[in-house]
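Participant: Sharing a structure with you now.
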Amino acid sequence: MKIARWIGTAGLIATALMVAGCAQDKPPEAAPGAAPVPQMVTDLSSVSNASIDPLGTHAVPKRGEGLLHESSGDTSGPRTFGAQPGLSRSAGTDANPGEVRLLNDKAAKFANFSQVILERIFAQLRIAEKTEEISRTKLPTDIKPVVITAIMDKSGKLTELILEQHSGKARIDQMMLNVCKKAVWYRNPPPEALAEDGNYHLTIQGRLENYASTDETHWSFITRIGLGIG
């Protein structure tokens, strides 16, 4: 059976429901004049009292920075990454398409390390997207990428997750955090990729878009994820 693309043609009622759902899931607005700070959402062990840098855009990642480099548009690359960051490659299937990319030079330098973690994240996302809660979600067209900083110790064990940027949909933020808890680990990680504090700092970016529905209720998604190393 072919999966038909479902193009939203709903009227004012559907629009109102979508807006209401988005507003309900959005995190509370910060107080006027308050400085934006990263939100620590998972503290698996006490590793450092150093402050986390705020979200950075178009920059080499430092601790806590999220990279939002745009794709070059080349999605026909090989199955393994080359030495150039920013290029995307296709992932998933025709029914559940996806895209993965390396976000900075350090991630490209340690491409095998990066690719293993990306593939684990992608696999866990595919499982999460099929749950009843997520598959029934109609996402706004202006949804932002979720940006997460993941910190692993020198043995490759995940110790901390920090939500750097909300998507605008709380259930998507939580889904990404749960996925990272399961997917971010590595046996014998390359010591050359350690940050100055002796830990591994990974910037993970994830964005979902509704793709197709067979019953106008349950959705498959286009899944885009990226990884940078700080």
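Participant: I'd like the residue in the stretch 134-162 that is modelled with pLDDT of 95 or more and among the acidic types (Asp, Glu) and, out of all such residues, is nearest to the chain's Cα centre (by Cα).
Facilitator: Restricting to residues being modelled with pLDDT of 95 or more and among the acidic types (Asp, Glu), the top hit is GLU160.
Participant: Separate question: Within the group LEU194, LEU208, LEU177, LEU161, which residue is hydrophobic (A, V, I, L, M, F, W, C) and open to solvent by 30 Å² or more (accessible area, probe 1.4 Å)?
Facilitator: LEU194
Participant: Just the residues that are within 16 Å of ILE143 (Cα to Cα) and in a loop (DSSP other than H, G, I, E, B), please, taken from the stretch 191-230.
Facilitator: Of everything in the stretch 191-230, nothing turns out to be within 16 Å of ILE143 (Cα to Cα) and in a loop (DSSP other than H, G, I, E, B).
Participant: Moving on. List every residue pair whose Cβ atoms lie under 7 Å apart, where the two residues are 6 or more positions apart in sequence or sit on different chains, the first residue falls within the stretch 183-199 and is closer than 23 Å to ARG126 by Cα, and the second residue, located anywhere, is open to solvent by 90 Å² or more (accessible area, probe 1.4 Å).
Facilitator: Note: pairs meeting the criteria are TRP185/LYS157.
Participant: Out of (1) of a type outside the set (Phe, Trp, Tyr); (2) open to solvent by less than 20 Å² (accessible area, probe 1.4 Å); (3) in contact (Cβ under 8 Å) with a residue 60 or more places away in the chain; (4) over 17 Å from LEU103 (Cα atoms), what's the single condition that is false for VAL146?
Facilitator: Condition not satisfied by VAL146: (4).
Participant: Starting from the stretch 156-173, take each residue that is under 23 Å from THR131 (Cβ atoms) and list its partners that are open to solvent by 10 Å² or more (accessible area, probe 1.4 Å) and assigned to a strand (DSSP E or B), counting only C-beta distances under 6 angstrom and pairs at least six apart or across chains.
Facilitator: What qualifies is LEU161/VAL41; LEU161/THR42; LEU163/GLN39; LEU163/VAL41.
The values are calculated or read from the model by the stated rules, or taken from the named source; none is laboratory data. Note that the structure is predicted; figures quoted are calculated from it, not measured. Glycine gets a Cβ as well: all are built from the backbone with ideal geometry, and neighbour counts include every protein chain shown. With ligands, DNA and RNA removed, areas are computed over all heavy atoms of the protein, side chains included. Shrake-Rupley method; radii C 1.70, N 1.55, O 1.52, S 1.80 Å.
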